[in-house]
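Asks: I'd like to ask some things about the structure below.
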Amino acid sequence: MANKIQVPSDVIFTIRRYDPDNDTAPHYEDYKVHVDPGLTVLDGLHLIRENQDPTLSWRYSCRMGVCGSCGMLVNGRAMLACNNQILDISKRRLLIAPLPNFDIIKDLVPDLGSMFEKHQSIHPFLIRESDKEEMENPTGEYNQSEEELVRYLQFSYCIRCGCCMAACPTLATDDKYLGPMPLAQGYRWNADTRDEGFDRRRPIAGDTHSAYRCHYAGECSNVCPKGVDPARAIQLLKKQLVKDYFHLMKKGPGCQSQSSRTGSERNPKIPDPPPFTVEQT
């Protein structure tokens with residue numbers, strides 16, 4: 001079936017406004033925008049500020065779905081304003097608000113500081129305990145097969161836009177919950193065969209307000225603009241934690257953690273990867 005031809009339309013933008021210096025509570029204001037086909041939500045906001053209200057505030061940068069700055073709630077769904085066309089969403093009205101589950105700085109600008117702090121706590125970087133000197137003064141590159149890359153590649157596409165955090169019902173009721181973005185990135189690094197940081201991430205990922213608090217609603221994956229699927233990553237992280245827990249229960253204190261065991265011990269169906277080597281450059 002051929003796509004219907006879109007025609008210009010006047011669309012009402014109902015925008016949640018809040019200026020902490022002047023307002024005691026948020027309120028909504030309406031703006032009429034003449035929308036041509038292809039105009040994005042971000043384009044519409046620019047037209048409003050240029051022609052109707054220069055005080056309207058939001059965050060943006062790249063305009064092409066890469067930086068993740070312009071995340072906001074549009075007609076009840078967390079999304080990026082820059083890569084969603086207005087007429088694909090509605091031909092009559094857009095209800096626009098800042099991302100929920102965050103404090104609001106002004107208008108459509110959420111304070112993402114709490115998300116970045118939680119992300120930092122999960123140690124989202126490559127950790128090599130066995131050869132720290134190589135990490136500090138690299139002489140080459142760690143080899144990795146395509147199969148090993150595929151294990152975590154999908155989860156490395158996260159752009160930290162906060163849409164998944166805004167859609168999470170658990171985070172809405174527990175602001176201490178680590179949230180889908182940090183937890184998914186914790187799994188991303190655990191799944192990287194070059195990494196040896198599981199022991200550092202385990203106490204954070206297995207905390208009361210972390211992976212086990214996820215109810216698997218799946219909304220975080222539904223709204224992710226990059227197809228990262230954080231809901232799946234959290235379930236795989238739970239699997240890692242449970243397998244490690246039972247290993248400790250069986251072996252007793254002082255046994256090796258999952259991060260220091262071979263691939264076949266972590267999963268009998270997966271053969272041991274070749275030993276890590278540093279490829280001279």
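Asks: Normalising by the residue count of the chain, find the relative contact order in percent from Cα pairs under 8 Å and 6+ residues apart.
Replies: 17
Asks: Let me ask something else. If you average the sequence gap of Cα pairs under 8 Å that are 6 or more apart and divide by the length of region 152-211, what percent do you get for the contact order?
Replies: 34
Asks: Roughly how many debye, to the nearest 20, is the charge dipole of the chain about its Cα centre, given +1 on each Lys and Arg Cβ, -1 on each Asp and Glu Cβ, and no other charges?
Replies: Here the chain has a charge dipole of around 980 debye.
Asks: Longer than 25 Å from Cα to Cα, which of Lys176/Lys238; Lys176/Lys239; Lys132/Lys243; Lys132/Lys239; Lys132/Lys176; Lys32/Lys226 are they? Say none if no pair is.
Replies: Beyond 25 Å: Lys132/Lys243; Lys132/Lys239; Lys132/Lys176; Lys32/Lys226.
Asks: Contact order normalised by length for region 1-156, with contacts defined as Cα pairs under 8 Å and 6 or more residues apart; what percent is it?
Replies: Taking the mean separation of contacting Cα pairs over the length of region 1-156, I get 22 percent.
Asks: Per-residue counts of other Cβ atoms within 10 Å, averaged by peptide: what ranking do you get for 130-142, 96-108, highest first?
Replies: Packing proxy ranking, top to bottom: 96-108, 130-142.
Asks: Follow-up. Fewest Cβ neighbours within 10 Å first, please rank Val66, Val150 accordingly.
Replies: Val150, Val66
Asks: Tell me the angle of helix 230-251 to the major Cα principal axis of the chain, expressed in degrees between 0 and 90 and rounded to the nearest ten.
Replies: Tilt relative to the chain: about 20 degrees.
Asks: Turning to a different aspect of this structure: What percent antiparallel are the DSSP beta bridges of region 9-111, to the nearest 5?
Replies: 85
Asks: Express the Stokes-Einstein translational diffusion coefficient of the chain in µm² s⁻¹, to the nearest whole number, given a Kirkwood radius over alpha-carbon pairs, 4 °C and a viscosity of 1.567 mPa s.
Replies: The diffusion coefficient I find is 61 µm²/s.
Asks: Under a 5 Å amide H to amide H cut-off, with H placed in plane at 1.01 Å, what residues pair with Thr40 once short-range neighbours are removed?
Replies: Ile86
All of the numbers you see were taken from the coordinates with simple rules; none came from a lab. Just so it is clear, the structure is predicted and the values come from calculations on it, not from any experiment. A quick note on method: Cβ atoms are made from the backbone with ideal geometry, for glycine too, and the neighbour counts reach across all protein chains shown.
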